[in-house]
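> A single structure is presented below for examination.
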Amino acid sequence: ASMEHAIRDFGQKIDLCTRIKDILAAYPDGTSVLKELLQNADDAQATRFRLLLDLREHRTEGLIFEGTAGFQGPAILAYNDAEFTDTDFDSIQRVGGSLKAGSIKTGRFGVGFCAVYHLTDLPSFLSREYAVWLDPHCKHLPSVSAAEPGKIVDFTQVPDAAAAAQLAPFHGVFGCDLSGPFAGTIFRLPLRTRAQARDSRISPRAYAEEGAAQALLADFARGAGQVGLFLTHVRDLEALVWEPGAPEPRSLMRARLYADSVPPPRGPRRLLPRSPLYQAFADAGAGAVDRAQSAAIDVCAGVRVELIHSPEPRGSGAGEGEGGGAAWLVAQRMGGGEARAMSADSQVAAYGMRLVPWAGVAARLGGEPVEGRAFCQLPLPCATGLPVHVNGFFELAPDRRAIWTGSSDLAGAGLIKARWNTALLRDAVAPAYARLLREAEPLLASSDGGYYDIWPQARPGDSLAQPWASVSDALYAALVAGEGGRVVRTGAGPGASGGSVAVAPRDAWYFFPPWTTPALEEDEALLCLLRGALGALERPCARAPPGVVRCLRAAALGEAVGGGAPARDLSRMTPLEARRA
């Protein structure tokens, strides 16, 4: 026998449907799908993002692709005002292998984009002069294969009648009239029907039935007041629904982020142009991110989120009233300590990891204290126990619902991920938190309660669990070392005789046992008199909750501060010291 008959092609292959199904098993369903589309819009430097639940049925005759007739019904459409680039068209064809065009992007169209298959078997999108359909089953589009499981059409070169039928679901939404290239991007996710779910090799869940999509959009709308706090570009979000027979869509919710200042500016507010830290890099020019490897950069800015909710019929609970909003203070930091070093480590790069030492915190100014959440640009479904939201370019757990944590038996990439998150919390989040407290103190001058509500007051073993307890530890250590500046309030109190002055933690005097008792700690009138009198005698006494004082003292008595100097307690106000004053 000849040699050529003895040799055949052979090798491992990937079934696309199986690969997507495996991704969905590890990737959360629900609003995470919509947030992934929002993240992609932000990475594209879009400023506007819209979600539309289109419940109408569109024409099915005269289609270019007859096999798509079953997907002309109800769908979720996601619009943003950025156009697809040539790199984006390449990237979206790679399952789990996005072409990251920028060093501070979370990644365009990587594994996360596959989350859309929770909702549909045939996603499509339109941008510029192109319309694209993705068919991993290779059965709804003609002449597709495992190698090329989709179609791209230049709709400006297609006869008007054919384009009108196939692209009817895009016509008339978000300003798209199909008369020429579209200046933006619209994703369309036809909701999987029960019949399609029975035959799907991707997901058995039907979203076109029983109000599943309506509930999904309502959940997204409920969180819209906070979802954009750490995005770099998107500043205007809206959710809409288009009922069958209605002449136009109805808005359910709109959230806009404005640059805020105290006092508020006269006249109309201006939309926040982009993330303050991202703006700092843009102003610094090319290479600013790399230069941050050698010197930390931090910024702090006020952000006002204004919400408009439309009344929901039949008590769906999607709204929180017809209008509202909140003022936030957002502090962000790039670079710092071990996080900066790891981001430039060649061994880290060898694992294909691009670590960006960017993190921040957001505190609501006024109102009820927030239940702190972890963010990776967008909120994760996990609470931190802190009274602020914490954002970072964290390495996430496989299900993307929490940040990666590790134990002592980890090695390789797993160990790097665990070390990275720890370093980011300590070296970027905690300094940003200290900056936020310094900036918040004068903004919340009318209330001690509102100011100290944004301080962590829990300790490890109490209600604050790791890894978030490490943020509190690093924050208080930095404050005691003087790195946060004047953040501890002293004096009689706002509006009281003796005034109020903020000082560095070690420049204050503190009432704590054995001189104080629980009764004295609760006697605010007596403490006010004592602080006022002692302040006049150049003994500024801290006006802080016992939980804050305990954390400050624990930090002072903990690790040595200042190059191995022995631990030194805070200045304790005792009867003897009071007599000396």
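> I need the full set of residues from region 43-56 which are surrounded by fewer than 22 Cβ atoms within 10 Å (Cβ to Cβ) and assigned to a loop (DSSP other than H, G, I, E, B), in order please.
45, 47, 55, 56, listed by residue number.
> Ok, one more. Among the residues of region 543-570, write down those that are among the hydrophobic types (A, V, I, L, M, F, W, C) and either open to solvent by 50 Å² or more (accessible area, probe 1.4 Å) or modelled with pLDDT of 85 or more (or both). Walk me through how you get there before you give the answer.
Within region 543-570, the subset among the hydrophobic types (A, V, I, L, M, F, W, C) is 544, 548-549, 551-552, 554-557, 560-561, 565, 567, 570.
Scanning region 543-570 gives 544, 548, 549, 551, 552, 554, 555, 556, 557, 560, 561, 567.
> Return yes when residue 387 is in a loop (DSSP other than H, G, I, E, B) and not basic (Lys, Arg) and no when it is not. It would help to see each step written out before you state the result.
Working: in a loop (DSSP other than H, G, I, E, B): yes; not basic (Lys, Arg): yes.
Yes.
> Please go through region 376-435 and give me each residue that is farther than 17 Å from residue 345 by Cβ and β-branched (Val, Ile, Thr), ordered by number.
Listed by number, the residues that qualify are 384, 388, 390, 403, 405, 429.
> I would also like to ask the following. Taking residue 259 as meeting all but one of (1) at pLDDT below 90; (2) not in a strand (DSSP E or B), write down the number of the exception.
(2)
> Separate question: Exactly one condition in (1) assigned to a helix (DSSP H, G or I); (2) touching a Gly at 6+ places or on another chain (Cβ under 8 Å) is not met by residue 198; state its number.
Residue 198 satisfies all of (1) assigned to a helix (DSSP H, G or I); (2) touching a Gly at 6+ places or on another chain (Cβ under 8 Å) except (2).
> Hey, does region 239-246 have a residue that's at pLDDT 95 or above and either open to solvent by less than 10 Å² (accessible area, probe 1.4 Å) or β-branched (Val, Ile, Thr) (or both)?
Yes, region 239-246 contains a residue that is at pLDDT 95 or above and either open to solvent by less than 10 Å² (accessible area, probe 1.4 Å) or β-branched (Val, Ile, Thr) (or both).
> Considering 423, 413, 428, which residue is in contact with a strand residue (DSSP E or B) (Cβ under 7 Å, 6 or more places away or on another chain) and part of a helix (DSSP H, G or I)?
Details: 423 fails: in contact with a strand residue (DSSP E or B) (Cβ under 7 Å, 6 or more places away or on another chain); 413 fails: in contact with a strand residue (DSSP E or B) (Cβ under 7 Å, 6 or more places away or on another chain).
That would be 428, the only listed residue that is in contact with a strand residue (DSSP E or B) (Cβ under 7 Å, 6 or more places away or on another chain) and part of a helix (DSSP H, G or I).
> For region 451-474, does any single residue satisfy the condition of being assigned to a helix (DSSP H, G or I) and closer than 27 Å to residue 22 by Cα? Show your work before the answer.
Step one: of region 451-474, the residues assigned to a helix (DSSP H, G or I) are 451-452, 469-474.
Right, trim to closer than 27 Å to residue 22 by Cα and you get none.
No, there is no match, as no residue in region 451-474 is assigned to a helix (DSSP H, G or I) and closer than 27 Å to residue 22 by Cα.
> Now for a different question. Which one of 198, 256 is surrounded by fewer than 22 Cβ atoms within 10 Å (Cβ to Cβ) and under 21 Å from residue 81 (Cβ atoms)? Reasoning before the result, please.
Values: 198 fails: under 21 Å from residue 81 (Cβ atoms).
Of the residues listed, the single one that is surrounded by fewer than 22 Cβ atoms within 10 Å (Cβ to Cβ) and under 21 Å from residue 81 (Cβ atoms) is 256.
> Condition test on residue 161, is it over 21 Å from residue 92 (Cβ atoms) and in contact with a Leu (Cβ under 7 Å, 6 or more places away or on another chain)?
It is false that residue 161 is over 21 Å from residue 92 (Cβ atoms) and in contact with a Leu (Cβ under 7 Å, 6 or more places away or on another chain).
Here is a yes/no grid of residues against (1) open to solvent by 30 Å² or more (accessible area, probe 1.4 Å); (2) charged (D, E, K, R):
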{"position": "58", "(1), (2)": "no, no"}
{"position": "65", "(1), (2)": "no, no"}
{"position": "81", "(1), (2)": "yes, yes"}
{"position": "88", "(1), (2)": "no, yes"}
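> Restricting attention to region 339-361, does a residue exist that is modelled with pLDDT under 85 and at positive phi?
Scanning region 339-361 turns up at least one residue that is modelled with pLDDT under 85 and at positive phi.
> Which one of 141, 134, 126 is out of contact with any Pro (no Cβ under 9 Å at 6 or more places or on another chain) and either closer than 27 Å to residue 251 by Cβ or not small (Gly, Ala, Ser) (or both)? So that I can check it myself, show each step before the final result.
Details: 141 fails: out of contact with any Pro (no Cβ under 9 Å at 6 or more places or on another chain); 134 fails: out of contact with any Pro (no Cβ under 9 Å at 6 or more places or on another chain).
None of the other options fit; the residue is 126.
> Go through region 403-458 and count every residue that is of a type in the set (Phe, Trp, Tyr) and either open to solvent by 20 Å² or more (accessible area, probe 1.4 Å) or more than 20 Å from residue 333 (Cβ to Cβ) (or both). First the steps, then the outcome.
First, pick out the residues of region 403-458 that are of a type in the set (Phe, Trp, Tyr): 404, 420, 433, 451-452, 455.
From what's left, either open to solvent by 20 Å² or more (accessible area, probe 1.4 Å) or more than 20 Å from residue 333 (Cβ to Cβ) (or both): 404, 451-452.
Of the residues in that region, 3 qualify.
> Can you pull out the residues in region 11-27 that are open to solvent by less than 90 Å² (accessible area, probe 1.4 Å), outside any helix (DSSP H, G or I) and farther than 16 Å from residue 148 by Cβ?
11, 27
> Taking residue 9 as meeting all but one of (1) over 23 Å from residue 152 (Cβ atoms); (2) modelled with pLDDT of 90 or more, write down the number of the exception.
Result: residue 9 fails condition (2) only.
> Among (1) closer than 25 Å to residue 70 by Cα; (2) of a type in the set (D, E, K, R); (3) open to solvent by 20 Å² or more (accessible area, probe 1.4 Å), which single condition is residue 192 missing?
(3)
> Do we find a residue being closer than 26 Å to residue 136 by Cβ, part of a helix (DSSP H, G or I), open to solvent by 10 Å² or more (accessible area, probe 1.4 Å) and in contact (Cβ under 8 Å) with a residue 12 or more places away in the chain anywhere in region 166-187?
No: region 166-187 contains no residue that is closer than 26 Å to residue 136 by Cβ, part of a helix (DSSP H, G or I), open to solvent by 10 Å² or more (accessible area, probe 1.4 Å) and in contact (Cβ under 8 Å) with a residue 12 or more places away in the chain.
> Oh, and also: Looking at residue 12, is it over 30 Å from residue 248 (Cα atoms), in contact with a Gly (Cβ under 8 Å, 6 or more places away or on another chain) and not acidic (Asp, Glu)?
Details: over 30 Å from residue 248 (Cα atoms): yes; in contact with a Gly (Cβ under 8 Å, 6 or more places away or on another chain): no; not acidic (Asp, Glu): yes.
So residue 12 fails the test.
> Still on this structure, please answer the following. Looking at this structure, is residue 70 more than 30 Å from residue 335 (Cα to Cα), at pLDDT 90 or above and not β-branched (Val, Ile, Thr)? Give the derivation first.
On the way: more than 30 Å from residue 335 (Cα to Cα): yes; at pLDDT 90 or above: yes; not β-branched (Val, Ile, Thr): yes.
Yes, satisfied.
> Evaluate the following for residue 489: is it touching a strand residue (DSSP E or B) at 6+ places or on another chain (Cβ under 9 Å), surrounded by fewer than 20 Cβ atoms within 10 Å (Cβ to Cβ), modelled with pLDDT of 70 or more and outside any loop (DSSP other than H, G, I, E, B)? Give the derivation first.
Values: touching a strand residue (DSSP E or B) at 6+ places or on another chain (Cβ under 9 Å): yes; surrounded by fewer than 20 Cβ atoms within 10 Å (Cβ to Cβ): no; modelled with pLDDT of 70 or more: yes; outside any loop (DSSP other than H, G, I, E, B): yes.
No.
> I'm trying to understand the selection: among the residues of region 201-214, which are in contact (Cβ under 8 Å) with a residue 60 or more places away in the chain, part of a helix (DSSP H, G or I) and open to solvent by 10 Å² or more (accessible area, probe 1.4 Å)? Give the steps one after another, and end with the answer.
Of region 201-214, the ones in contact (Cβ under 8 Å) with a residue 60 or more places away in the chain are 201-203, 205, 207-208, 213-214.
Applying the additional criterion that residues be part of a helix (DSSP H, G or I) yields 213-214.
Result: 214, single match.
> May I ask you to list the residues in region 353-374 that are in contact with a Phe, Trp or Tyr (Cβ under 8 Å, 6 or more places away or on another chain) and part of a strand (DSSP E or B)?
358, 359, 360, 361, 362, 363, 364, 374
The values are calculated or read from the model by the stated rules, or taken from the named source; none is laboratory data. Predicted, not measured: the structure shown is a model, and the values here were computed from it. Because the Cβ atoms are built from the backbone with ideal geometry, glycine has one as well, and the counts that use them run over all protein chains shown. What goes into the accessible areas is simple: the full protein's heavy atoms, side chains included, and nothing from ligands, DNA or RNA. Shrake-Rupley method; radii C 1.70, N 1.55, O 1.52, S 1.80 Å.
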